[in-house]
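The structure appears right after this line, and notes come after that.
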Amino acid sequence: MSLVFRFGAMAAAHESLINLLPRLPSIRITIGETSPSTTPEIDPRLEELGEHLHNNDGEPPFMIDNGILRAVPKKKMSYRRHRTKLYAPGNKQVQPLHNIVRCSACGRVKRSHFMCMYCFAEIRTFLKGLKRKNGLIEDPVNPQTDLDPTDDRILYPGKVINAHDLQLKKKDYIPKREEPLMFSRENLLHKKKKW
């Protein structure tokens, strides 16, 4: 660099000395419209999508917004799990579930090749009821059921609950969660149109 500066500082340099130096490439920046040969071609699928949106009043095709169902986290992710998911090597990262489907019996979301937990609970309560009916399961008997009322009052003094605490126990102020609708094709937001 110092050689270049020295030559640049010289007022009159001999032409033979300048020709000995290697020539630096000139940098040319052009701003403006480029020639049509250098413009990339537009993907025909994008053109087709644009025509479809224009013809159907801006409604997207059926396959857009019809992706894979994903599970929603119910609690805040811990610091450790968050770091593991982000920065662990590929084989140790938490992998997303791609096998989430709807249950064919009740319509709730479940993992494919696994039993729906709602259906499992229904079957379990049904079978427990049958076992109770047949006498295979006996309810545990409370040994203090046959106590004298005086003994009961002495051993287990009754707790007096005021009206305010009783109203709080009812939990009417907590909004109830609505039951999800059964899955059907009529409830879809984007109806499938014939082209």
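Kindly evaluate GLN144 against the criterion of being farther than 28 Å from ASN99 by Cβ and in contact with a Leu (Cβ under 9 Å, 6 or more places away or on another chain).
yes
Residues are listed down the side, and each one gets a yes or a no for (1) polar (S, T, N, Q); (2) modelled with pLDDT of 80 or more; (3) surrounded by fewer than 10 Cβ atoms within 10 Å (Cβ to Cβ); (4) in a loop (DSSP other than H, G, I, E, B):
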site: LYS76; (1), (2), (3), (4): no, yes, yes, yes
site: GLY129; (1), (2), (3), (4): no, yes, no, no
site: THR150; (1), (2), (3), (4): yes, yes, yes, no
site: LYS169; (1), (2), (3), (4): no, yes, yes, no
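Kindly indicate the residue of the stretch 75-121 that is in contact (Cβ under 8 Å) with a residue 12 or more places away in the chain and of a type in the set (D, E, K, R) and also farthest from PRO180 (Cα to Cα) among those meeting that condition.
Applying the filter and picking the extreme gives ARG81.
Applying the selection to the stretch 132-148, what residues are surrounded by 10 or more Cβ atoms within 10 Å (Cβ to Cβ) and under 44 Å from the mean Cα position of the chain (by Cα)?
ARG132, ILE137 - these are the residues of the stretch 132-148 that are surrounded by 10 or more Cβ atoms within 10 Å (Cβ to Cβ) and under 44 Å from the mean Cα position of the chain (by Cα).
Answer yes or no as to whether VAL94 is within 16 Å of the chain's Cα centre (by Cα), at pLDDT below 75 and of a type outside the set (D, E, K, R).
Yes: the conditions hold for VAL94.
The values are calculated or read from the model by the stated rules, or taken from the named source; none is laboratory data. The model shown is predicted, which means the values in this text are computed figures rather than measured ones. A quick note on method: Cβ atoms are made from the backbone with ideal geometry, for glycine too, and the neighbour counts reach across all protein chains shown.
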